[in-house]
Amino acid sequence: GKCVAILTSGGDSQGMNAALRALVRMAIFHRARVFLIYEGYHGLVTGGDCIRETSWYDVSHIMGKGGTVIGTARCKEFRERDGRRKAALNLVKRGITKLVVIGGDGSLTGANIFREEWSGLLDELCTLGDIDEQEQAVCSHLNIVGLVGSIDNDMCGTDMTLGADSALHRILEAVDAITSTASSHQRSFVLEVMGRHCGYLALVSALACMADWCLIPESPPTDGWEEKMCCQLSQSRKAGRRMNLIIVAEGAVDRHSKPITSQYVKGVIEKELGHDTRITVLGHVQRGGATSAYDRVIGCRVGAEAAIAVLEADSTTEPVLVGLQGNKVVRSPLMECVRKTQAVSSAMKAGDFKNALAMRAGSFVR
Ligand code: F6P
């Protein structure tokens, strides 16, 4: 029978468990044997007890849980060829030729490299005497399917990554809590949200909670923005608003690619307006807690499709990413999604923000 392995990698995110459940059950429904790899790529490299066959009921009651029940890690060993050779050996010894990776752009880039190197790795294992020619022949092709689990919503190939919606819920809950204390004291609050180099969470939460100002990496403010921001804040106070809220993406930069920190924004408001100002860095709270209904549902949808995609794949099939486009679950070439995502990063690093934003358009509000 067909053997499928599943791992979650990189930063955890809500919705990973929903996808995992659907994947396991859809694959078992199609009579495949399913293995769970614990602790991400670290487990794949380590093997042993980190790779365990699973059953239908092992994944009961996990749909709404945040995080990932099979663990995740940011793994150094898998970045080295030696680590990837160990990983290949662990799969071949179990007859696994189908791998589903749920993770962010870094994890999916790693999966793509693994797939590209696969036949070379098997040659090396054969030369070393770790596998025999029959094992090499049986496992000659590795099929890879990727699902994007990340709160950042920073990957091309899907309009929404698993976890981004739940993280937005966490942010809005925090804003509701901050609003009551901020308006009681007539304070300004600078709220820093996650997203690495992507401003999605900051932009969408700012829209959803009517923040006064928002700073994101894809659209660095023009020089002199501090004055405009202060003008906006004081106008709203004059109009009767008892508080102000500024949302800063953790990756926010100015036109000269210099980071804009929450501390800097606070300093500007205090100096220019004399507002009593506080900073809240939401941090990992955004990645925790229950999974939103939306993330549960898209987790089920992309998970089920990923199982079908990986089982249908044969020796001619290139790796695919299963994502959402226009509310439809679609398969796209993984390599192309990774390349586009890297192009966005390069454009941002080069200060070409217009292009970066255009390329990211799929996941931003238009
Ligand atoms: O990629 C998800 C993310 O939460 C980013 O938003 C953030 O920059 C990073 O991971 C934090 O990483 P760690 O959990 O390793 O501190």
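The values are calculated or read from the model by the stated rules, or taken from the named source; none is laboratory data. This is a predicted model, so every value here is computed, not measured. Here Cβ is always computed from backbone atoms with ideal geometry, including for glycine, and neighbour counts include all displayed protein chains. Just the protein is used for accessible areas: all its heavy atoms, side chains included, with ligands, DNA and RNA removed. Shrake-Rupley method; radii C 1.70, N 1.55, O 1.52, S 1.80 Å.
For the stretch 97-209, count all C-alpha to C-alpha pairs, find those more than 21 Å apart, and express that count as a whole percent of the total.
Taking all Cα-Cα pairs of the stretch 97-209, the fraction more than 21 Å apart is 56 percent.
Carbon and sulfur atoms: what percent of the 1.4 Å accessible area of the stretch 1-160 do they account for?
48
Over the residues of the stretch 1-76, compute the C-alpha Rg and express it relative to 2.2 N^0.38 Å.
In units of the globular-protein estimate, the stretch 1-76 measures up at 1.04.
With only alpha-carbon atoms in the gyration tensor, what are the semi-axes of the equivalent ellipsoid for the stretch 122-276, in Å, largest first?
47, 17, 12
For the chain, what is the mean residue ellipticity at 222 nm derived from helices alone (per DSSP H run of n ≥ 4: -39500 (n - 2.57); sum divided by total residues; nearest 500 deg cm²/dmol)?
After summing the helix terms and dividing by the residues of the chain, the value is -14000 deg cm²/dmol.
Hey, any idea what % of the stretch 261-366's accessible area is carbon plus sulfur with a 1.4 Å probe?
Whole-percent figure for carbon plus sulfur exposure: 56.
Would you mind working out the accessible area per residue for the chain, using a 1.4 Å probe, and quoting it in Å²?
With all protein chains present, the chain gives 43 Å² per residue.
What does the net charge come to around ARG296 if you take all other residues with beta carbon closer than 12 Å to its beta carbon, with K and R at +1 and D and E at -1?
Neighbourhood net charge equals +1.
Which lysines does LYS86 reach when only Cα atoms under 30 Å apart count, and residues fewer than 8 places away in its own chain are ignored?
Within reach: LYS2, LYS76, LYS98, LYS340.
Cα-based Rg (one decimal) and Dmax (whole number) for the chain, in Å?
22.7, 78
Need one number for the stretch 48-148: average projected area of the convex hull over its C-alpha atoms, nm².
Approximately 7.1 nm², given one-decimal rounding.
First select every other residue whose beta carbon is under 15 angstrom from the beta carbon of ILE6; then total the charges, Lys and Arg +1, Asp and Glu -1.
After counting each charged neighbour, the total is +2.
For the stretch 211-360, go through all pairs of different Cα atoms, get the mean of 1/r, take its inverse, and jot down that Kirkwood value in Å.
Hydrodynamic radius (Kirkwood, Cα only) of the stretch 211-360 equals 19.0 Å.
Against the empirical 2.2 N^0.38 Å scaling, what ratio does the C-alpha Rg of the stretch 170-251 come to?
1.07
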